[in-house]
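Step one of this worksheet: look at the structure below.
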Amino acid sequence: MLALTKTKKSASKKSPKKTSKKSGSKNTQKTTKKTSSAKVSKKSASKKSTIKRTKVICISHKEDADGISSAALIRQAFGGDAILVDYPGQMEALHQVVSDEKLKSLYICDLGLSKKTQDEFIDIMTTLRKNKVSVTYIDHHDIDPNVVKSLQKIKVKVIHNINECSAVLVYNAFKSKLNDHATFVATCAAITDYMEDRPIGSKLLQIYDRQFALISATVLTYNIVGHQKEPDYLLYLVEELADSKFPHEIPNTFEFAQIQVEKLSQMIAKVKKGMKTMKNLGYMEILDAGASGAVNFVMGLSGKNVGVAYKERVDHGIYAVSVRGSKDCNVHLGKIVNVLATELGGSGGGHDKACGAVIPKPKIKKFITELNKKLK
């Protein structure tokens, strides 16, 4: 615009007062303006064309072996970078990548959707698709069928099956791009998500010595749980698994797993002392460990079919809640928790016998009371 203004002024100063030459001056002015506009236009076009979409990003769950393994398999198949988040961090990560002009392909693994976030999620996916970003959503949590239809309508590739863990779904979808070791990574994920008896997961487990697979999956899980506050280490695990390393080949994993075992053994005494019960569930606030590590003890030691463990996240004013059900639990905990958490201003969801939630701090007692009522 500045260039055009200067050209116009200089042209009017040099124009003689004779009528015959005024028209010529105007023509020159018009020509100059057109040429300048064309130049600006070409510059803008060339600037846009230089930004090529080449990035591949996988956003995956950071809190368990299923999410970490899913990210590792995506990395092995397609390269790119991983962003590891917990359930509450999913939307923040999506807002971060949606504005990335270099993003070409996005994979979202093992993160689930709650009623509170699903509409916002669809809006972000719509923006990404308008920007010609390829999006693949891979998950095994319970999802509203209408959400799946909405995603498919905007041509998001949805790989969803509640009968297998997410890493097994990744393996099954992209096995032609993966090496033989990918079967072991998926097997470990199936074991730690209690889904090694499912159709595909059980076949993968048969490839390996059962005890070898069980100890490897356990060591991997303890390293993931114990390094939740060290994002660089979790990304390191993704890289090592993508490079076909067994857990025992990654330095110090067994030593660290032993430390976690000692912490968990101390947790048993704390649960016995601090646990409370209602008619249909046992529950406890966890102060010095992760809720997911304690919740199975709460369920087992309470003698109830459902256990609830929750830990305050002071920085967010919420409780991170883990819920587990026994084999005798005959309700879908993920569906119940999704609806209940949303009603209380939080979010949640998951599997039939294992799920989680984020609950505003003042509402935690009501959450437990209402959950107990629904477990009939």
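The values are calculated or read from the model by the stated rules, or taken from the named source; none is laboratory data. Since the structure is predicted, the reported quantities are computational estimates derived from the model, not experimental observations. Counting neighbours? That spans all protein chains shown, and the Cβs are built from the backbone with ideal geometry, glycine included. SASA here: full protein model, heavy atoms, side chains in, ligands and nucleic acids out. Shrake-Rupley method; radii C 1.70, N 1.55, O 1.52, S 1.80 Å.
Looking only at the stretch 118-135, which residues are touching a residue at least 24 places away in the same chain (Cβ under 8 Å), open to solvent by 10 Å² or more (accessible area, probe 1.4 Å) and either in contact with a strand residue (DSSP E or B) (Cβ under 6 Å, 6 or more places away or on another chain) or of a type in the set (Lys, Arg) (or both)?
Arg129, Lys132, Ser134
Report, by residue number, each residue of the stretch 52-105 that is more than 25 Å from Glu164 (Cβ to Cβ), acidic (Asp, Glu) and open to solvent by less than 40 Å² (accessible area, probe 1.4 Å).
Once the filter is applied, which keeps residues that are more than 25 Å from Glu164 (Cβ to Cβ), acidic (Asp, Glu) and open to solvent by less than 40 Å² (accessible area, probe 1.4 Å), the stretch 52-105 yields only Asp100.
Do you know which of the residues in the stretch 309-327 that are of a type in the set (A, V, I, L, M) and touching a Phe, Trp or Tyr at 6+ places or on another chain (Cβ under 8 Å) is nearest to Lys272 (Cα to Cα)?
The residue in question is Ala309.
Quick check: anything in the stretch 229-245 of a type outside the set (Lys, Arg), in contact with a helix residue (DSSP H, G or I) (Cβ under 9 Å, 6 or more places away or on another chain), under 25 Å from Ala294 (Cα atoms) and at pLDDT below 95?
For the stretch 229-245, residues of a type outside the set (Lys, Arg), in contact with a helix residue (DSSP H, G or I) (Cβ under 9 Å, 6 or more places away or on another chain), under 25 Å from Ala294 (Cα atoms) and at pLDDT below 95: absent.
Filter the stretch 312-331 down to the residues that are buried (at least 18 other Cβ atoms within 10 Å of the Cβ) and not β-branched (Val, Ile, Thr), then identify the one that is farthest from the chain's Cα centre (by Cα).
Per the stated criteria, the residue is Cys329.
Within the bounds of the stretch 332-354, is there any residue that is free of Cβ contacts under 8 Å to residues at least 60 places away in the same chain, in contact with a strand residue (DSSP E or B) (Cβ under 7 Å, 6 or more places away or on another chain) and under 25 Å from His227 (Cα atoms)?
There is no residue in the stretch 332-354 that is free of Cβ contacts under 8 Å to residues at least 60 places away in the same chain, in contact with a strand residue (DSSP E or B) (Cβ under 7 Å, 6 or more places away or on another chain) and under 25 Å from His227 (Cα atoms).
Can you tell me which residues in the stretch 178-225 are open to solvent by 50 Å² or more (accessible area, probe 1.4 Å), within 25 Å of Asp352 (Cα to Cα) and of a type in the set (Asp, Glu)?
Selection gives Asp197 alone.
Restrict the check to the stretch 313-334 and report whether at least one residue is in a helix (DSSP H, G or I) and farther than 23 Å from Asn223 by Cβ.
Yes, the stretch 313-334 contains a residue that is in a helix (DSSP H, G or I) and farther than 23 Å from Asn223 by Cβ.
Which count do you get for residues in the stretch 262-294 that are open to solvent by 70 Å² or more (accessible area, probe 1.4 Å), under 20 Å from Lys361 (Cα atoms) and either touching a Phe, Trp or Tyr at 6+ places or on another chain (Cβ under 7 Å) or among the acidic types (Asp, Glu) (or both)?
Residues meeting the conditions: 2.
Count, please, the residues in the stretch 204-232 that happen to be among the aromatic types (Phe, Trp, Tyr) and under 16 Å from Ser69 (Cα atoms).
Selection size over the stretch 204-232: 1.
Filter the stretch 354-376 for residues that are within 23 Å of the chain's Cα centre (by Cα) and over 21 Å from Cys109 (Cβ atoms); which is surrounded by the fewest Cβ atoms within 10 Å (Cβ to Cβ)?
Among those residues, the one meeting the criterion is Pro360.
I'd like to verify a number: residues in the stretch 192-238 that are in contact (Cβ under 8 Å) with a residue 60 or more places away in the chain, within 23 Å of His140 (Cα to Cα) and either among the hydroxyl-bearing types (Ser, Thr, Tyr) or touching a Leu at 6+ places or on another chain (Cβ under 9 Å) (or both), how many?
Counting residues in the stretch 192-238 that are in contact (Cβ under 8 Å) with a residue 60 or more places away in the chain, within 23 Å of His140 (Cα to Cα) and either among the hydroxyl-bearing types (Ser, Thr, Tyr) or touching a Leu at 6+ places or on another chain (Cβ under 9 Å) (or both) gives 10.
Checking Glu230 against (1) over 23 Å from Val261 (Cα atoms); (2) loosely packed, with under 13 Cβ neighbours inside 10 Å: exactly one of these is not met. Which one?
Of everything listed in (1) over 23 Å from Val261 (Cα atoms); (2) loosely packed, with under 13 Cβ neighbours inside 10 Å, Glu230 misses just condition (1).
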